[in-house]
1. Once amide H atoms are placed 1.01 Å from N in the peptide plane, what residues at a sequence separation of 5 or more from VAL16, or on another chain, have their amide H within under 5 Å of its amide H?
2. With only alpha-carbon atoms in the gyration tensor, what are the semi-axes of the equivalent ellipsoid for the stretch 43-101, in Å, largest first?
3. List the relative contact order of the chain as a percent without decimals, with contacts defined as Cα pairs under 8 Å and 6+ residues apart.
4. Once you have the Kirkwood Rh of the chain from its Cα pairs, apply Stokes-Einstein at 37 °C and 0.692 mPa s and quote D in µm²/s.
5. Positive end of the charge dipole of the chain (Lys, Arg +1 and Asp, Glu -1 on Cβ, about the Cα centre): tell me which of VAL24, TYR61, CYS3 has its Cα farthest that way.
6. Divide by every residue of the chain the summed helix terms, -39500 (n - 2.57) for each DSSP H run of at least 4, and state the resulting mean residue ellipticity at 222 nm, rounded to the nearest 500 deg cm²/dmol.
7. Between 0 and 90 degrees, rounded to the nearest ten: what's the tilt of helix 61-98 against the longest Cα principal axis of the chain?
Amino acid sequence: MFCKNCGKEIDENAIVCIHCGCAVEKKPVSESKHTMGLLLGIFVGLIGLIIGVCVFPTGSYERETFMKGWTKGFVITLIIGLVFGVIYGCAIASLVGSMGY
């Protein structure tokens, strides 16, 4: 990677240029990786729901129990994911803000 100010080569992980002291512009974190993880999690959860619904006969105690447990687990997982997502987002925003970006 090269410094935008002086043009000299610097380390890929550098925050400032060691030659001129200019702040290095970092590329934003790719949103596609986060989106892909979210979609994969929802997809796997829905596949589990479909398999569970197909395995247990309609009106059976097992199906009712499965649906209650799956719904609780899915909602808890979504809430935990949202909480950690907000914490992660605030931490990254604070870090980027402290660097002067």
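What follows is calculated from the coordinates using simple rules that are stated; it is not laboratory data. Just so it is clear, the model here is predicted, and its values are computed rather than measured. Using ideal geometry, Cβ is built from the backbone for each residue, glycine included, and neighbour counts are taken over all protein chains shown.
1. Amide H to amide H, under 5 Å and 5 or more residues apart or across chains, VAL16 pairs with VAL24.
2. Gyration-tensor ellipsoid for the stretch 43-101: 40, 10, 4 Å.
3. Relative CO of the chain lands at 11 percent.
4. Reported coefficient: 185 µm²/s.
5. Projecting each Cα onto the dipole axis, the largest value belongs to TYR61.
6. Theoretical 222 nm ellipticity from helices: -22500 deg cm²/dmol.
7. 10 degrees
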